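The values are calculated or read from the model by the stated rules, or taken from the named source; none is laboratory data. Model, not experiment: these values are computed from the prediction. Glycine gets a Cβ as well: all are built from the backbone with ideal geometry, and neighbour counts include every protein chain shown. Each accessible area value is taken on the protein alone, full model and side chains, heavy atoms only, with ligands, DNA and RNA left out. Shrake-Rupley method; radii C 1.70, N 1.55, O 1.52, S 1.80 Å.
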Amino acid sequence: MPTEETQTRTGETPRRPRIRLDQPLTPRRKLIPDYDPEAFGRMSERIARFLGTGRFIVWMTVIIIAWVAWNVAAPDALRFDTYPFIFLTLMLSLQASYAAPLILLAQNRQDDRDRVNLEQDRKQNERSIADTEYLSREVAALRIGLGEVATRDWIRSELQDLLKELEEQQRSGVFPAEREHGRDVDDR
């Protein structure tokens, strides 16, 4: 088989090497570096939480006051940002340009979490409603069934009524006379 050198000398076009299907491809170089979106999101949430605190406002105020005081009261040779404070404006703009997207990213992540929580709450509410409806049907069935069941008080009253009837029949002589040994002739 001819090599690349002999192929180019003879005028043949060089062939690409065969690609093996049983081996993975070598990874390509990426122009954009890889990052973990979850780690970046957690970091942005921490920054957004810090930016929303009173501690951040106090530190920002102290730094700005120190910056302005230094550049107004310090000797001319030690000042690094003179009166219009252009560098301070640049630093505050830079801070704001990073803070706004980080805050928006944190809000989007919170919205996603809220959406998931709302969906879980909705499903839980549906299950609770279904369970409540089932239990109310069961209670209604028990009430209906209980109307047909003899209660202890009802049985007592019925037995007392029967006892009174028996006593009245015994007094009135409705019962046949007892034969010897307490048996009737017809009882066989």
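Quick look at the values:
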quantity: Residue within segment 44-60 that is touching a residue at least 40 places away in the same chain (Cβ under 8 Å), in a helix (DSSP H, G or I) and open to solvent by 90 Å² or more (accessible area, probe 1.4 Å) present; calculated: yes
quantity: Contacts under 7 angstrom Cβ, first residue in segment 104-122 being under 17 Å from residue 47 (Cβ atoms), partner surrounded by 11 or more Cβ atoms within 10 Å (Cβ to Cβ) and of a type in the set (Ser, Thr, Tyr), 6 or more apart; calculated: 105/44; 106/44
quantity: Meets criteria (modelled with pLDDT under 95, in a loop (DSSP other than H, G, I, E, B), in contact with a helix residue (DSSP H, G or I) (Cβ under 9 Å, 6 or more places away or on another chain) and open to solvent by 80 Å² or more (accessible area, probe 1.4 Å)) for residue 15; calculated: yes
quantity: Any hit, segment 161-178, residues being of a type in the set (A, V, I, L, M), open to solvent by less than 80 Å² (accessible area, probe 1.4 Å), part of a helix (DSSP H, G or I) and modelled with pLDDT of 90 or more; calculated: no
quantity: Residue within segment 87-99 that is touching a residue at least 12 places away in the same chain (Cβ under 8 Å), at negative phi and exposed (fewer than 13 other Cβ atoms within 10 Å of the Cβ) present; calculated: no
quantity: Residue 109 being touching a Gly at 6+ places or on another chain (Cβ under 6 Å) and either surrounded by 11 or more Cβ atoms within 10 Å (Cβ to Cβ) or not in a helix (DSSP H, G or I) (or both); calculated: yes
quantity: Selection count, segment 61-74, where residues are of a type in the set (Ser, Thr, Tyr) and open to solvent by less than 50 Å² (accessible area, probe 1.4 Å); calculated: 0
quantity: Residue within segment 31-44 that is out of contact with any helix residue (DSSP H, G or I) (no Cβ under 6 Å at 6 or more places or on another chain), hydrophobic (A, V, I, L, M, F, W, C) and at pLDDT below 80 present; calculated: no
